[in-house]
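The structure under discussion appears below in the form of structure tokens.
Any read-out appearing in this document is the output of simple, stated calculations on the displayed coordinates, not a laboratory observation. The model shown is predicted, which means the values in this text are computed figures rather than measured ones. So basically every Cβ, Gly included, is an ideal-geometry build from the backbone, and we count neighbours across all protein chains shown.
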Amino acid sequence: MKQVVWVVLSFLVLVLFSGCGKKNPPLPPSKSVPKEFSFEVKPTEAGFELIIFLPTETKGGYPLVKISSLIIEKEEFPLDEGRPKIKTYEIKLSPKLHSAGNLYVYQDYQVKHRYGYRYRVKIKKDFLVKTTWVEFPNTLYWHNPPLFPENITCQVLTEDAVRLIWKKPENDIKGMPLDYPITYELERTSGQKVETFYVRKEEFLDRGSAIRKACYRVRSLLNFRGTQIPGPKSPPLCLDR
């Protein structure tokens, strides 16, 4: 009996030690750091939209299945002060990685009229492993968005040609005068097809059979120190001929 017990114990010890020997050693930090990533910042009519392309692998080529936190650092400074004081905000997010894609969008609505903004982002995989900061190369500037164009009308020129004309908005959405260049974004919807056109003047000439049943919407784009700030879209103007 003692011999049987001894054999069983020896077998269990052998299994235990052989199992321990098969464990993979932890990855060194240099191979577990997430791969390089990038992001874009797009002005909207309510603030700035950060479009972040998250990595799916580590620098060692291993799948990146989890991110502890996504950290966005935002610098904010006024434009109308002689020596502007820069405020820095840190925003911590917890994005979930999944097979459907690696795109993460963050909407920053905390913006102020006539202020400048700079953004940078880094990824924290766990307590010890994180990427370096990735900076957006341009400083962005915020202004109250412009109102949509006024008195939008459509002139029918021929069976397959129309001209849209409108009046340049004089104020922003807060009622303050606009003193900066304005261009326009025109959206044409015909059936299931949506097309966008950019125009500099307060008119748009459209041709083709698709315009016989089309809807148009126009919005103003305010060029504030190089940042194109879109205003709200106008109500649709539809043709049905």
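Computed quantities for the displayed model
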| quantity | calculated |
| --- | --- |
| Pair SER69, HIS113: separation of 7 Å Cα→Cβ label points (nm) | 3.5 nm |
| Relative contact order computed over the chain (Cα-Cα under 8 Å; 6+ residues apart), in percent | 16 percent |
| Segment ARG83-ASN223, extension gain: residue separation times 0.36 nm, minus the distance between their alpha carbons | 48.0 nm |
| Filter on LYS74/LYS168; LYS168/LYS213; LYS85/LYS130; LYS85/LYS174 - keep pairs with C-alpha separation over 31 Å | LYS74/LYS168 |
| Contact order normalised by residue count of region 47-170, Cα under 8 Å, 6+ apart, percent | 24 percent |
| Dipole of the chain [Lys/Arg +1, Asp/Glu -1 at C-beta], most positive-end residue of ILE52, TRP166, PRO63 | PRO63 |
| Ellipsoid semi-axes in whole angstrom, largest first, where each is sqrt(5λ) of the Cα gyration tensor of region 150-241 | 26, 13, 11 |
| Charge dipole (debye, nearest 20) of region 150-240; +1 at Cβ of Lys and Arg, -1 at Cβ of Asp and Glu | 160 debye |
| Difference of contour (0.36 nm per residue) and Cα-Cα distance, GLU36 to THR132 | 33.6 nm |
| C-alpha long axis of helix 2-21 to longest principal axis of the chain, angle in ° | 30 degrees |
| GNM result for the chain, Cα springs below 10 Å: residue of ARG83, ARG200, ARG212 fluctuating most strongly | ARG83 |
| Hypothetical label at CYS215: residues of region 168-200 whose amide nitrogen lies under 16 Å (7 Å Cα-Cβ projection) | 186-196 |
